[in-house]
Amino acid sequence: LKIRGPLKDYYERLFVKAEEVVSPERACFLLPANSKPEGLKIPSAWRKSSTLKFANGGLPVVALVFERKRARE
């Protein structure tokens with residue numbers, strides 16, 4: 001995909017839209033490894049549960065898995 005503007009902004013908007021539209025209990029997003037996923041803002045209802053690094057078709061990627069926070073978190 002060709003993205004206009006910083007990838008950080010694109011992914012942060014994507015996370016917000018996913019929360020607004022779907023409100024998932026668990027979500028996984030596949031990002032290019034160079035997108036610096038550790039610095040991305042996520043919706044306040046989410047927490048990162050795992051990060052997996054691997055190659056997809058020879059390209060380095062990161063899979064970010066999020067879970068909905070429980071009421072006490």
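The values are calculated or read from the model by the stated rules, or taken from the named source; none is laboratory data. Values in this document were obtained by computation on a predicted structure and should not be read as measured data. Note: ideal-geometry Cβ built from the backbone for every residue, glycine included; neighbour counts use all protein chains shown. Side chains are part of the model used for accessible areas, which takes the heavy atoms of the whole protein and leaves out ligands, DNA and RNA. Shrake-Rupley method; radii C 1.70, N 1.55, O 1.52, S 1.80 Å.
Tallying residues that are modelled with pLDDT of 95 or more, open to solvent by 100 Å² or more (accessible area, probe 1.4 Å) and over 12 Å from the mean Cα position of the chain (by Cα) within segment 23-43 yields 1. Do we have any residue at all in segment 8-18 that's within 16 Å of Phe66 (Cβ to Cβ) and surrounded by fewer than 12 Cβ atoms within 10 Å (Cβ to Cβ)? Yes, segment 8-18 contains a residue that is within 16 Å of Phe66 (Cβ to Cβ) and surrounded by fewer than 12 Cβ atoms within 10 Å (Cβ to Cβ). For segment 20-38, does any single residue satisfy the condition of being in a strand (DSSP E or B), without any contact (Cβ under 8 Å) to a residue 12 or more places away in the chain and not hydroxyl-bearing (Ser, Thr, Tyr)? No. In segment 59-73, how many are without any contact (Cβ under 8 Å) to a residue 40 or more places away in the chain and either within 21 Å of Arg4 (Cβ to Cβ) or not in a loop (DSSP other than H, G, I, E, B) (or both)? Residues that pass the stated criteria total 7. If you go through segment 46-73 and keep only what is aromatic (Phe, Trp, Tyr) and over 11 Å from Arg26 (Cα atoms), you end up with just Phe54. The set of residues in segment 44-58 being touching a residue at least 12 places away in the same chain (Cβ under 8 Å) and either open to solvent by less than 70 Å² (accessible area, probe 1.4 Å) or assigned to a helix (DSSP H, G or I) (or both) consists of Ala45, Trp46, Ser49, Ser50, Thr51.
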